[in-house]
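Below: the structure, in structure tokens.
Quick note: the coordinates plus some simple rules give every number you see, no bench work behind them. The structure displayed is predicted, hence computed values, not measured ones. Here the Cβ positions follow ideal geometry from the backbone for every residue, glycine too, while neighbour counts run over all protein chains shown.
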Amino acid sequence: MLSFSERLQDAIELVQHAQRIVALTGAGISTESGIPDFRSPGSPWLEQPPVSYKAFISSAESRRQYWQSRRNLSAQVATARPNAAHYALAELERRGKLMGIITQNFDGLHHDAGNQPERIVELHGTSREAACTLCGARSSMPELQRRIDAGEVDPTCTECGGYLKSATILFGQRVPEPALARAKELATTCDLFLVVGSSLKVMPAASLPRLALGQDTPLIIINLLPTPLDDQADVVIHEKAGAVLPRIIESIPCS
Ligand code: NAD
């Protein structure tokens with residue numbers, strides 16, 4: 001069993017040799033920014049069963065539950081700031097090594113950290129925008145939140161009357177095809193795949209490191225708890241991303 005510093009050194013060497021790194025990030029990269037993840041014990045996201053897309057569309061009571069359960073979490077996401085792990089990935093891009101970030105997160109913190117928007121694939125959408133479930137029109141989430149705070153319990157689109165929700169995917173909704181296609185392209189053309197803060201239990205995101213492994217691409221996993229792919233990864237570090245990623249990225253010479 002390798003020590004932490006040996007595993008860290010192995011990760012540094014893989015990153016130093018790579019030129020086209022792709023990172024898959026999950027809710028765990030944002031816990032150090034104060035946003036709880038989904039599956040760790042005591043998660044507030046699981047206090048109530050999540051509302052499915054089908055229930056949201058068909059039941060006013062489900063839409064009421066959706067907006068009620070989002071209240072505190074939306075405020076947390078809206079005020080969160082990037083942490084050392086987000087900034088380390090932005091630095092990896094500045095140093096010319098990061099081809100793309102595929103994120104399961106909807107919190108927008110990779111954008112805030114300074115990664116270029118065109119390099120970020122938000123597989124599950126963004127909570128910074130609202131979307132109409134009928135015409136698809138996007139609008140400002142803070143504006144919608146003001147309507148809800150002012151007493152609207154079931155907000156609808158001012159253009160077509162469709163139900164409004166956050167521009168994120170609900171259980172039972174598919175990841176949009178263009179985002180998934182781009183993510184697969186990144187996973188199959190990178191020369192190092194880096195997983196940060198994901199339980200690798202949510203599909204299709206969890207299939208992406210498998211695609212990379214299928215091309216014999218090295219895999220690094222940085223996650224507090226074990227994942228189903230640990231035994232196939234080249235390096236596994238069960239530590240906080242904010243403590244580990246900066247140490248890896250600092251070791252790369254500026255290009
Ligand atoms: P997950 O909750 O299933 O797993 C998160 C993993 O991160 C856990 O295995 C945990 O051990 C690990 N972790 C927690 N803190 C960490 C840290 N500081 N450093 C390293 N690892 C840490 O998350 P997931 O795989 O992303 O799936 C959950 C889904 O819920 C996502 O698809 C996402 O859409 C959604 N979600 C998003 C946010 C967000 O945008 N910040 C927050 C909660 C949930």
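Here are a few things to note about the model shown:
- Partner lysines for Lys184 [C-alpha distance under 20 Å; skip if fewer than 8 residues away on the same chain]: Lys97, Lys201
- Estimated distance in nm for a label pair at Asn72 and Glu250, the labels positioned 7 Å out from Cα along Cα-to-Cβ: 3.6
- In whole angstrom, the chain maps to an equivalent ellipsoid with semi-axes of 34, 18, 17, each derived as √(5λ) from the alpha carbon gyration tensor and ordered largest first.
- Three principal axis extents describe the C-alpha atoms of the range 149-255; from largest down they are 51, 33, 29 Å.
- Its residue count N fixes a reference of 2.2 N^0.38 Å for the range 5-76, and the Cα radius of gyration divided by that reference is 1.68.
- Met1/Glu61 FRET efficiency (R0 41 Å; Cβ-Cβ; nearest 0.05): 0.20
- Rh (Kirkwood; distinct C-alpha pairs) - the range 39-123, Å: 15.1
- Residue-span extension gain [His17 to His238] - 0.36 nm each, minus C-alpha spacing: 77.3 nm
- Descending Cα extents along the principal axes, the range 205-255, whole Å: 30, 28, 18
- The chain: relative contact order in percent, alpha carbon pairs under 8 Å with at least 6 residues between: 26
- When only the Cβ of Lys, Arg, Asp and Glu is charged (+1, +1, -1, -1), the dipole of the range 37-195 relative to its Cα centre reaches about 100 debye.
- Two-decimal Rg/Rh across the range 175-221, once Rg and the Kirkwood Rh are taken from alpha-carbon atoms: 0.94
- Here the label points at Asp154 and Ala181, each 7 Å from Cα along the C-beta direction, are separated by 3.7 nm in the simple model.
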